[in-house]
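In what follows, a structure is listed as structure tokens, so that the remarks can point back to it.
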Amino acid sequence: MLGTKGRMTQVFDDKGLVTPATIVTAGPLTVTQVKAKDKDGYAAMQVGFGAKKESRVKKPQTAKPFKHLREFSPASEAVNLQPGESIDISIFTAGDVVEVSAVSKGKGFQGVVKRHGFHGGPRSHGQKNRERSPGSIGGGGRAGGRVVKGMRMAGRMGGDRVTVKNLKVLQVDPATHTLLISGAIPGHPGSLVEIRG
């Protein structure tokens, strides 16, 4: 299922225990293409989500003006959906365990202390500008004096695809197409999320 991340909230159970939850507006999805193993080499189902302005659609794509197109491998061969059919959030029930994938918030160019959790240099003994520096990155004693690949250094942080597993569906509301999923999920409010059962 594809959806849009909303704000976070709290859910109280029968015993009065509180669970943090994220509101996700999910679906409905429209099947745009079905790929068969004998014809295309693999089995998959392409779905479209979200409306797109007609003025922003190229002429060959006017038949399916969706904002997002994604391919999913069907969980079983018994799934037999045809192009044009719709999928809504009724496929989920409260208590289901799901995993959610999204692109995390971009944090810009960050140093090694924030990006990798480095401790920094000493705060005393005449050290002046070393508090948040990375320290040595190589030299003659290692790898012939070059900087080895994968060295943890300052750079862009965030903006990566992140998957969070073992989240629980707390509530399903088909009337408003909203799901309540326990815990925090990656991305900013309004970003696209993929929910897999």
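The values are calculated or read from the model by the stated rules, or taken from the named source; none is laboratory data. For clarity, every value in this text was computed on a predicted model and none was experimentally measured. FYI the Cβ positions are ideal-geometry reconstructions off the backbone, even for glycines, and counts take in every protein chain you see.
Are any residues in region 152-173 among the charged types (D, E, K, R) and assigned to a strand (DSSP E or B), and if so, which ones? Spell out how you get there, then give the answer.
First, the residues of region 152-173 that are among the charged types (D, E, K, R): 152, 156, 160-161, 165, 168, 173.
Within region 152-173, R156, R161, K165, K168, D173 meet the criteria.
For region 173-187, what are the residues that are touching a strand residue (DSSP E or B) at 6+ places or on another chain (Cβ under 7 Å) and surrounded by fewer than 16 Cβ atoms within 10 Å (Cβ to Cβ)? It would help to see each step written out before you state the result.
Just the residues of region 173-187 that are touching a strand residue (DSSP E or B) at 6+ places or on another chain (Cβ under 7 Å), to begin with: 177-187.
If the condition is that a residue be touching a strand residue (DSSP E or B) at 6+ places or on another chain (Cβ under 7 Å) and surrounded by fewer than 16 Cβ atoms within 10 Å (Cβ to Cβ), then G183, A184 are the ones that fit.
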Discussion item. Of the residues R152, R196, only one is at pLDDT below 95, surrounded by fewer than 14 Cβ atoms within 10 Å (Cβ to Cβ) and in contact with a Pro (Cβ under 9 Å, 6 or more places away or on another chain); which?
Written reply: R152
Item to complete: Could you tell me whether any residue of region 17-31 is modelled with pLDDT under 85, more than 21 Å from G190 (Cα to Cα) and of a type in the set (A, V, I, L, M, F, W, C)?
Response: no
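Answer with yes or no whether G144 is free of Cβ contacts under 8 Å to residues at least 24 places away in the same chain, part of a helix (DSSP H, G or I) and exposed (fewer than 13 other Cβ atoms within 10 Å of the Cβ).
On the way: free of Cβ contacts under 8 Å to residues at least 24 places away in the same chain: yes; part of a helix (DSSP H, G or I): yes; exposed (fewer than 13 other Cβ atoms within 10 Å of the Cβ): yes.
Taking the combined requirement at face value, the residue satisfies it.
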Practice prompt. Of the conditions (1) part of a loop (DSSP other than H, G, I, E, B); (2) surrounded by 10 or more Cβ atoms within 10 Å (Cβ to Cβ), Q82 clears all except one; give me its number.
Written response: (2)
Practice prompt. Tell me which of these S90 doesn't satisfy, since it passes every other one: (1) more than 25 Å from S191 (Cα to Cα); (2) assigned to a helix (DSSP H, G or I).
Written response: (1)
Worksheet, complete the sentence: Expected output for region 93-120 (first residue over 28 Å from V24 (Cβ atoms), partner surrounded by fewer than 14 Cβ atoms within 10 Å (Cβ to Cβ) and not aromatic (F, W, Y), Cβ below 6 Å, 6+ apart or cross-chain) is F109/R156; H116/R152; G120/E131
Practice prompt. Check whether at least one residue in region 33-53 is surrounded by fewer than 10 Cβ atoms within 10 Å (Cβ to Cβ), basic (K, R) and at pLDDT below 80, and report yes or no.
Written response: yes
